[in-house]
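Undergrad: Take this structure first; my questions come after.
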Amino acid sequence: MFDLIGALSASSKIGLALFLLFLLMAVFAEAVAPYDPWLRFSPFMPPGFAHLLGTNDLGNDILSELIFGSRVSLIVGFGAAIMATVIGTVVGLLAGYFRGLTDELLMGLTDVFLMIPQIPLIIVLAAFLRPSFWMTALLMGCLWWTSTARVVRSRALQVREMSYVESAASLGFSRAHIIFTDVLPNVLHVIMPKFLLAIASALIAEASISFLGLGDLTMKSWGMMINFAFTRGGFINGYWWWYLPPGLCVTLFVLSVILMGSNLEDREEVVQVAQ
Amino acid sequence: MPLAAKKAARYAVAFFLIISLNFAIPRAMPGDPLTNLLGEDVDAAGSTIVELREKMGLDQPLHLQYLCYWRNILCLDLGYSYHLHSPVSSAILSRIRWTLLLSVPSLILGAAIGTFFGALAGWKRREAVGKLETALVLTVFCTPPYFLSLLALYVLSFYLGLFPLKGFYSSGSWLDIAHHFMLPVLVMTLFSASRNYMIMRGSVIQEKASLYAAYARAKGLYGNQILFRHIFKNALLPIITLLALDFGFILSGALFIEIVFSMNGMGNLIYDALLSRDYPVLQGSFLIITVMVIAANLLADLLYSRVDPRVRWQ
């Protein structure tokens, strides 16, 4: 484990550290946050000792909002990414392993999905549905599997020709067994960077949709916090402690994920060169 | 050519499916389809509702509605916005030129700047200054566009008073319009440049390892000559795709920037439609964006096969 971390580049270590920090913050929100995010104090307090990041228009403690917000934002990010990855992997594996007509159909479907303008579609659907944050994650997951499907397919096309797949087939294992125990483990390393990228784009998309006022009003995500600050005069009055922290959190979290992913891609290059 | 036929079929299917999706959304969503088609601030009662229902064709069976819908689209009739009191198509047309004025210069500038510096960064990736530059660009790349716009607006316009706070113009002279455009164009250029930069950097790093680069070095060419005479052209290929796709999002890409800077382009049209639940405008815009994106994909495919012979002969 420590060897693995040691092999990371410096930027990836920073990314990993940041990522773990956010993850811990989200998991242990109750323990870390000084107050309940819905508790009301006097409004518009600038940062001070009692409230490290001040309070908003309703008197909610912004640091606590930020910490609990990380939970909402990360759930949307991870939820969408997990869904997109699972769909993409299954589609890619099936297309790559079976080839022929299955491949044609599935890749045709992928091409069609790739052409749908995703953010505008999510905006239109969200306008009609007024979705909960689960819905938002689900929608994004249903749209973002295409690039994963493509890389998994091209890797699966290579893996299926390997001799261990052939020997498994000649031993009489079922196709499902071969796909999931022989092919899948060998495509995992191309899935990881895509998974991280999906988390990052889901988080930005959630923040953007919330900014448009289409977010889940019962949940305080980072995007919703910025939206509230924008629509309730936080910008005009210069209450920087209201909108700056959530925006920085989005940026930092996305950055941490991208930094981790960049190292995986570098290693990928190395692996390819070594072959 | 079977590949071209296959591609054409995929485009046709995509086009057909997405247009059909646009038909299905207002009818499948919860609530009254009439409200979903007209927008939520249409307040009609009794006989007017029956009349409107008839006028929209909602009393007819679905397959007839569907045919009628296609006929309207082929006649470029996108419906009527009761909120704006104008046909959707003319509402969109009147906004498009402002959006183009904002996004076309930004995308061109962004592509030029991003490609140039990205190529240099990929070429000299181990230098400390280059690393700092890449880190900065990466940070911009990871920021939600509206957040950076808000910061720029707050610091440069509100706090320092260097730029106007909102809109396209106040007096209408060219100088005034340019002054209003400067900051939004700057922010959008920054984002476009950051995307191009990251892609170009990665592309150059990949190309750098190829044999023809080593050969150019062996021939005795200097660093920058190898980069700009040999590697640059090949590394540019992914940028072509990105540019073509950017063209597809030329109307909707400025959405958030327009909202933050209160500019009356397509983006704000969509935002206002969202706030007032003006569904016809929302759907009409979505349709236009979709057609643009499909066209852009087609363009990317065509350009790519023209420029890269390896793709053409596959």
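Undergrad: Given an 8 Å cut-off on Cα distances and at least 6 residues of separation, report the relative contact order of chain A as a percent.
TA: The value is 26 percent.
Undergrad: Now a separate question. Could you work out the mean count of beta carbons from other protein chains within 10 Å of each residue's beta carbon in A:124-134?
TA: Partner-chain Cβ atoms within 10 Å, mean over residues of A:124-134: 5.
Undergrad: By average Cβ neighbour count within 10 Å, what is the ranking of B:207-219, B:280-292 from highest down?
TA: The most tightly packed comes first, giving B:280-292, B:207-219.
Undergrad: Next question. List, largest first, the extents of the alpha carbons of segment B:95-313 along their principal axes, each in whole Å.
TA: Computed over the Cα atoms, the extents are 63, 44, 31 Å.
Undergrad: For segment B:58-115 and segment B:131-198, what is the separation of their Cα centres, given in Å?
TA: Cα centroid of segment B:58-115 versus Cα centroid of segment B:131-198: 26 Å apart.
Undergrad: Among B:Asp301, B:Asp59, B:Asp308, rank each residue by its count of other Cβ atoms within 10 Å, from fewest to most, as a rough exposure measure.
TA: Least to most surrounded, the residues fall as B:Asp59, B:Asp308, B:Asp301.
Undergrad: Can you give the helix-only mean residue ellipticity at 222 nm for chain B, where every DSSP H stretch with n ≥ 4 adds -39500 (n - 2.57) and the sum goes over all residues, rounded to the nearest 500 deg cm²/dmol?
TA: -23500 deg cm²/dmol
Undergrad: Next question. Rank these for me by crowding, B:Ser262, B:Ser173, B:Ser203, going from fewest to most other beta carbons within 10 Å. It would help to have the intermediate numbers written out before the result.
TA: Details: B:Ser262 13, B:Ser173 10, B:Ser203 22.
Ordered from fewest to most neighbouring Cβ atoms within 10 Å, B:Ser262, B:Ser173, B:Ser203 come out as B:Ser173, B:Ser262, B:Ser203.
Undergrad: What 222 nm value per residue comes from the helices of chain A, counting each DSSP H run with n ≥ 4 as -39,500 (n - 2.57) and dividing by all residues, nearest 500 deg cm²/dmol?
TA: One gets -23500 deg cm²/dmol as the mean residue ellipticity at 222 nm.
Undergrad: Next up: Using a simple charge model, +1 on the beta-carbon of Lys and Arg, -1 on the beta-carbon of Asp and Glu, nothing else, what dipole does chain B show about its Cα centre, in debye to the nearest 20?
TA: Roughly 2020 debye, rounded to the nearest 20.
Undergrad: What is the angle, in °, between the Cα long axis of helix B:128-142 and the longest principal axis of the Cα atoms in chain B? Nearest 10 is fine, range 0 to 90.
TA: Approximately 10 degrees, to the nearest 10.
Undergrad: OK, next. Taking chain B as the reference, fit the longest principal axis to its C-alpha atoms, fit the long axis of helix B:174-208 to the helix C-alpha atoms, and give the angle between the two in degrees, 0 to 90, nearest 10.
TA: Result, in degrees: 50.
Undergrad: Highest first, please rank the peptides A:110-116, B:47-53, A:187-193 by the mean number of other Cβ atoms sitting within 10 Å of their residues.
TA: A:110-116, A:187-193, B:47-53
Undergrad: Also: Relative to the Cα centre, what is the charge dipole magnitude of the protein assembly as shown, using +1 at the beta carbon of each Lys and Arg, -1 at the beta carbon of each Asp and Glu, and rounding to the nearest 20 debye? Don't skip to the answer; put the middle values down first.
TA: Values: 39 positive and 36 negative charges, 377 e Å.
So the dipole magnitude of the protein assembly as shown works out to roughly 1820 debye.
Undergrad: Of A:Leu188, A:Ile258, A:Ala149, which is farthest on the positive side of the dipole of chain A, counting Cα position, with +1 on Lys and Arg Cβ, -1 on Asp and Glu Cβ, and the Cα centre as origin?
TA: So the residue furthest toward the plus end is A:Ala149.
Undergrad: Expressed in whole Å with the largest first, what are the equivalent ellipsoid semi-axes of chain A derived from the C-alpha gyration tensor as the square root of 5 times each eigenvalue?
TA: 41, 22, 14
Undergrad: Further question on the same structure: When a footprinting reagent is the concern and you count Cβ atoms within 10 Å, what order do B:Leu302, B:Leu107 take, fewest first? Mind dumping the intermediate values first?
TA: On the way: B:Leu302 13, B:Leu107 24.
Fewest-to-most Cβ neighbours within 10 Å comes out as B:Leu302, B:Leu107.
Undergrad: Can you give the three extents of the C-alpha atoms in segment B:3-88 along their principal axes, from longest to shortest, in whole Å?
TA: Rounded to whole Å, the extents work out to 56, 27, 22 Å.
Undergrad: A further question on this structure: Give the distance, in whole Å, between the Cα centre of segment B:211-262 and the Cα centre of segment A:115-168.
TA: Taking the Cα centre of segment A:115-168 as reference, the centre of segment B:211-262 is 27 Å away.
Undergrad: Ignore the peptide's own chain and count Cβ atoms of other chains within 10 Å of each Cβ in A:109-119; give me the average, rounded.
TA: Mean inter-chain Cβ contacts per residue within 10 Å come to 6.
Undergrad: Mind jotting down a quarter of the surface of the convex hull over the alpha carbons of the protein assembly as shown, in square nanometres, one decimal?
TA: In nm², the orientation-averaged hull projection of the protein assembly as shown is 32.9.
Undergrad: While we're looking at this one, here's another question. How many Cβ atoms of partner chains, on average, are near each residue of B:258-271 if near means within 10 Å of its Cβ? Intermediate values should be presented prior to the final figure.
TA: On the way: counts 0, 3, 3, 0, 0, 0, 0, 0, 0, 0, 0, 0, 5, 3.
That average works out to 1.
Undergrad: Would you mind pulling out the separation of the Cα centroids of segment A:218-266 and segment A:14-48, in Å?
TA: First find each Cα centre; the distance between them is then 13 Å.
Undergrad: When the dipole is taken about the Cα centre of segment B:73-175, and only Lys, Arg (+1) and Asp, Glu (-1) are charged at their Cβ, what size is it in debye, to the nearest 20?
TA: 240
Undergrad: So for chain B, averaging the separation of alpha carbon pairs under 8 Å that are six or more residues apart and normalising by length, what relative contact order in percent results?
TA: Working: 342 pairs, mean separation 79.6, N = 314.
So the answer I get is 25 percent.
Undergrad: Got a sec to turn the phi values of segment A:199-210 into Karplus ³J(HN,Hα) couplings, 6.51 cos²θ - 1.76 cosθ + 1.60 with θ = phi - 60°, whole Hz, x for Gly and Pro?
TA: Each residue's phi maps through the Karplus curve to give 4, 4, 6, 5, 5, 5, 5, 4, 4, 6, 5, 4 Hz.
Undergrad: What is the helix-to-structure angle for A:62-98, meaning the angle in degrees between its Cα long axis and the longest Cα principal axis of chain A, kept from 0 to 90 and rounded to the nearest 10?
TA: Here the helix axis deviates by roughly 10 degrees.
Every number here is computed from the coordinates shown, using simple stated rules; none is lab data. Quick caveat: nothing in here was measured; it's all calculated off a predicted structure. All Cβ positions, even for glycine, are placed from backbone atoms using ideal geometry, and neighbour counts span all protein chains on display.
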